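Structure record follows, encoded as structure tokens.
The values are calculated or read from the model by the stated rules, or taken from the named source; none is laboratory data. Note that this is a predicted model, so its numbers are computed, not measured. Cβ placement follows ideal geometry from the backbone for every residue including glycine, while neighbour counts extend to all protein chains displayed. Remember, those area values only see protein heavy atoms, side chains included, never the ligands or the DNA or RNA. Shrake-Rupley method; radii C 1.70, N 1.55, O 1.52, S 1.80 Å.
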Amino acid sequence: MSDRYTYQEKEELPDSAFGLPERREYPMTDAAHVRAAEAYFRYCPEELKPRLARAIMTRAKEFDVDVQSPTILSYVRQ
């Protein structure tokens, strides 16, 4: 599976599948999508980054993904 969903696929995902559920952004349903969320983290609005960083780390543990981003790791440590 690629790290992209079609519009229809994304619409069918539950809110809980997203790193930012209220915005339905950063879907993380498998390891590839966790890595994609890590890659696109820099585009997240600054005020939402701490929450998204925690969501990425939670999903990374679930899917056995080793998060490499020092930025994400720094938000989690704060």
Matching residues in segment 33-56 - criterion: being more than 15 Å from Y75 (Cβ to Cβ) and open to solvent by less than 30 Å² (accessible area, probe 1.4 Å): H33, V34, A36
Qualifying residue in segment 42-49 (condition: among the basic types (K, R), modelled with pLDDT of 95 or more, assigned to a helix (DSSP H, G or I) and closer than 21 Å to L13 by Cα): no
The one condition in (1) loosely packed, with under 14 Cβ neighbours inside 10 Å; (2) under 11 Å from the mean Cα position of the chain (by Cα) that E62 fails to fulfil: (2)
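If you take the residues in segment 1-30 that are in a helix (DSSP H, G or I) and surrounded by fewer than 16 Cβ atoms within 10 Å (Cβ to Cβ), which one is farthest from the chain's Cα centre (by Cα)? Spell out the reasoning first.
To start, the set of residues in segment 1-30 that are in a helix (DSSP H, G or I) comprises 7-12, 15-17.
Next cut, surrounded by fewer than 16 Cβ atoms within 10 Å (Cβ to Cβ) only: 7-12, 15-16.
Numbers: Y7: 17, Q8: 19, E9: 16, K10: 14, E11: 16, E12: 17, D15: 12, S16: 11 Å.
By that ranking, first place goes to Q8.
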In segment 24-53, the residues that are among the charged types (D, E, K, R) and either under 20 Å from V67 (Cβ atoms) or free of Cβ contacts under 8 Å to residues at least 12 places away in the same chain (or both): E25, D30, R35, E38, R42, E46, E47, K49, R51
Filter result for the condition that a residue is in contact (Cβ under 8 Å) with a residue 24 or more places away in the chain and either in a helix (DSSP H, G or I) or within 20 Å of Y5 (Cα to Cα) (or both), over T71, T58: T71
